[in-house]
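The structure appears right after this line, and notes come after that.
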Amino acid sequence: MNKLLIIVFILLTSIANRGSNSTPIQASQKLLHDNHVHIMSPQLIALWKSMGIPFSKADPYYSDIDTIFNVIKAQSLLLISMAYVYSSEEFGGNSGNVGSKVRDENNYLAMAKSKHPKKIKAFYGIDPLQEFALTEIERCHNELKLDGIKLHHNASQVYLTEAVHLEKIKAIFEYASNNRIPILMHFDNSHRKFGKRDVGLLADSVLSGLEYVNLQIAHFGTSGGFNQKTKETLDAFIELFQSNHPISKHTITFDISAVCLDKDAEGVSKLTNKDFDELAEYSRKLGFDRIVFGTDYPLYRGEEYLNLLITKLKLSEEEVINLLKNKNDL
């Protein structure tokens, strides 16, 4: 039995012995790569506080990389800048100087990575609809030497059904393909009709003709939780994979962060027992070779969320091992 198998066995044994008060996954921090972790600059925290957005913990839990590592207890992180929020009507505060603030936020990400360069893959935040989007991508890639792009179609209100939006997304994916840059994308834009058509546009009009795509789709394709929209979105992708669509040749994974909810989170309801059972079914339908582990920190800690996935989805030892594998070659 290899080292990974031994630790997973320890995890499963600990979970089985739920009568004790011990932490189930203390050993797992040597294995965990958390593929969805947020960091905020003090500037962004101050802006949100001025807007009345509540914070449940002290500032370092959101802004200090050493505190974040200590809380998550993961070996390595995919760390995300939230720079894209500055252009958002809802989260940007309409405070002006968007370009400058975006650069500052991505610089803050670079500073965090510089403290732990071997343990952090840093994804800079971009609003693809801004005129400076490609310029900022080039700066973050060539000057800051960061690792990937984070797009948030809800915060930026991206609609692939709009020709102008589609062309801007295509330009970013083409640049990423030419420069072999991975992308983490929050795909759902929260429009009531978001679903199969958007998946088709992404697949046929953006991804199909590219030579290189390394795409991680956040939260199983929607905005967290597990509902009918999640199922319809996953069904659309599964249908494409099963039909050997051209996107099948690419590296496309789905992170399960903020999906398996045992608590309400930002307007997303916690799952019922029936929901957990359906989520387990869909996870197996999608396949654990396409699922990556992530917490959406600060929503969950690493060991806490892994324990939740194992218990609520009734994961087998083999499924846990597959879930924890690095599938994005990062």
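Tabulated values for the structure
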item: Meets criteria (touching a residue at least 40 places away in the same chain (Cβ under 8 Å), surrounded by 21 or more Cβ atoms within 10 Å (Cβ to Cβ), touching a helix residue (DSSP H, G or I) at 6+ places or on another chain (Cβ under 7 Å) and farther than 22 Å from Lys193 by Cα) for Ile256; result: yes
item: Residue satisfying condition, being in contact with a Leu (Cβ under 8 Å, 6 or more places away or on another chain) and of a type in the set (Ser, Thr, Tyr), within set Ser316, Ser283; result: Ser283
item: For Ala83: the one exception among (1) out of contact with any helix residue (DSSP H, G or I) (no Cβ under 7 Å at 6 or more places or on another chain); (2) more than 21 Å from Ala265 (Cβ to Cβ); (3) modelled with pLDDT of 95 or more; (4) not basic (Lys, Arg); result: (1)
item: Selection from the range 304-330 of residues that are surrounded by fewer than 17 Cβ atoms within 10 Å (Cβ to Cβ), outside any helix (DSSP H, G or I) and free of Cβ contacts under 8 Å to residues at least 40 places away in the same chain; result: Lys314, Ser316, Lys325
item: The range 73-96 residues that are surrounded by fewer than 17 Cβ atoms within 10 Å (Cβ to Cβ), paired with ones that are of a type outside the set (Phe, Trp, Tyr) and in a loop (DSSP other than H, G, I, E, B) (beta carbon under 6 Å, 6 or more apart); result: Gln75/Leu32
item: Lone unmet requirement of (1) more than 27 Å from Lys121 (Cα to Cα); (2) within 19 Å of the chain's Cα centre (by Cα) for Glu278; result: (2)
item: Sole exception among (1) exposed (fewer than 15 other Cβ atoms within 10 Å of the Cβ); (2) touching a Gly at 6+ places or on another chain (Cβ under 9 Å); (3) of a type in the set (Ser, Thr, Tyr) for Thr233, by number; result: (1)
item: From Ile25, Ile72, Ile53, residue being farther than 30 Å from Gln130 by Cα, at pLDDT below 95, out of contact with any Phe, Trp or Tyr (no Cβ under 7 Å at 6 or more places or on another chain) and not hydroxyl-bearing (Ser, Thr, Tyr); result: Ile25
item: Qualifying residue in the range 158-166 (condition: touching a Gly at 6+ places or on another chain (Cβ under 9 Å) and either over 23 Å from Ile238 (Cβ atoms) or surrounded by fewer than 20 Cβ atoms within 10 Å (Cβ to Cβ) (or both)); result: no
item: From Arg301, Arg284, residue being surrounded by fewer than 24 Cβ atoms within 10 Å (Cβ to Cβ), closer than 17 Å to Leu323 by Cβ, out of contact with any helix residue (DSSP H, G or I) (no Cβ under 7 Å at 6 or more places or on another chain) and not aromatic (Phe, Trp, Tyr); result: Arg284
item: Of all residues making up the range 192-205, the number that are of a type outside the set (Gly, Ala, Ser), at pLDDT 95 or above and surrounded by fewer than 20 Cβ atoms within 10 Å (Cβ to Cβ); result: 4
item: Meets criteria (under 26 Å from Phe123 (Cα atoms) and either outside any loop (DSSP other than H, G, I, E, B) or out of contact with any helix residue (DSSP H, G or I) (no Cβ under 6 Å at 6 or more places or on another chain) (or both)) for Asp235; result: no
item: Hey, Gly267 small (Gly, Ala, Ser) and touching a Leu at 6+ places or on another chain (Cβ under 7 Å) or not; result: no
item: Residues that are polar (S, T, N, Q) and assigned to a loop (DSSP other than H, G, I, E, B), drawn from the range 280-299; result: Thr295
item: The range 208-226: number of residues that are surrounded by fewer than 21 Cβ atoms within 10 Å (Cβ to Cβ) and in contact (Cβ under 8 Å) with a residue 40 or more places away in the chain; result: 3
item: Search result, residues across the range 113-137 that are more than 18 Å from the chain's Cα centre (by Cα) and crowded, with 22+ Cβ neighbours inside 10 Å; result: Ala133, Ile137
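For every residue, the table says whether it meets (1) of a type in the set (A, V, I, L, M, F, W, C); (2) on the phi > 0 side of the Ramachandran plot.
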{"residue": "Thr67", "(1), (2)": "no, no"}
{"residue": "Leu78", "(1), (2)": "yes, no"}
{"residue": "Met82", "(1), (2)": "yes, no"}
{"residue": "Val85", "(1), (2)": "yes, no"}
{"residue": "Glu90", "(1), (2)": "no, no"}
{"residue": "Asn97", "(1), (2)": "no, yes"}
{"residue": "Glu105", "(1), (2)": "no, no"}
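The values are calculated or read from the model by the stated rules, or taken from the named source; none is laboratory data. None of the values given here were measured: they were computed from a predicted structure. For neighbour counting, all protein chains shown are included, and Cβ atoms are generated from backbone atoms with ideal geometry for every residue, glycine included.
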